[in-house]
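One structure is given here, and the rest of the page talks about it.
Here, each number is a calculation from the coordinates, and none is a lab measurement. Remember, it's a predicted structure, so these values are computed and weren't measured experimentally. When we count neighbours, we look across all protein chains shown, and the Cβ atoms used for this are built from the backbone with ideal geometry, even at glycine.
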Amino acid sequence: MSAPDTVEALTDTEMQVLRLLCKNKSNNEICEILGVKLPTVKTHVSHILTKLGVNRRSQAAERARSLHLV
């Protein structure tokens, strides 16, 4: 999957998850910080990966930094 030139807007919650993902937080840690259940975090991470056009969390963090999202 190649990264798109433009990125679909992330929701406020997706941005929160992305910031935590960029701090190398695990899904379980993100659950505790945001007070949501694990399936919810997994859904947000999945949406983030899709919107950023990447396959891995590390790629999402790299892409977010290159786009100055975080």
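Let me know the charge dipole size of the chain about its Cα centre in debye, to the nearest 20, where only the beta-carbon of Lys, Arg (+1) and Asp, Glu (-1) is charged. Can you show the working numbers first?
Numbers: 10 positive and 7 negative charges, 43 e Å.
Here the chain has a charge dipole of around 200 debye.
Ignoring the sites themselves, what is the longest stretch of the chain with no trypsin sites (Lys or Arg not before Pro) in a DSSP loop and at most 13 other beta-carbon atoms within 10 Å? It would help to have the intermediate numbers written out before the result.
Working: sites that count: Lys23, Lys37, Arg56.
In short, 1-22.
Which label marks the calculated value of log10 I(q)/I(0) by the Debye sum over Cα atoms at q = 0.14, 0.18, 0.26 Å⁻¹, given the options (i) -0.36, -0.59, -1.21; (ii) -0.54, -0.91, -1.36; (iii) -0.59, -0.82, -1.25?
Label (i) holds the value from this structure.
In the chain, which GluC sites (Glu not before Pro) fall in coil by DSSP and have 15 or fewer other Cβ atoms within 10 Å? Each step should come with its number before you reach the end.
Numbers: sites: Glu8, Glu14, Glu29, Glu32, Glu62; in loops: Glu8.
In loop regions of the chain (DSSP not H, G, I, E or B), the sparsely surrounded GluC sites (Glu not before Pro) are Glu8.
Under 15 Å Cα-Cα from Lys23, which aspartates and glutamates qualify once same-chain neighbours fewer than 8 residues away are excluded?
Glu14, Glu32, Glu62
Could you check the spin-label model distance between Thr13 and Leu38? Points 7 Å from the Cα along Cα→Cβ, value in nm.
Those two pseudo-labels are separated by 1.8 nm.
Under 8 Å for C-alpha pairs, at least 6 residues apart: give me the relative contact order for the chain, rounded to a whole percent. Before the final figure, lay out the partial values.
Working: 59 pairs, mean separation 29.5, N = 70.
Normalised by residue count, the contact order of the chain is 42 percent.
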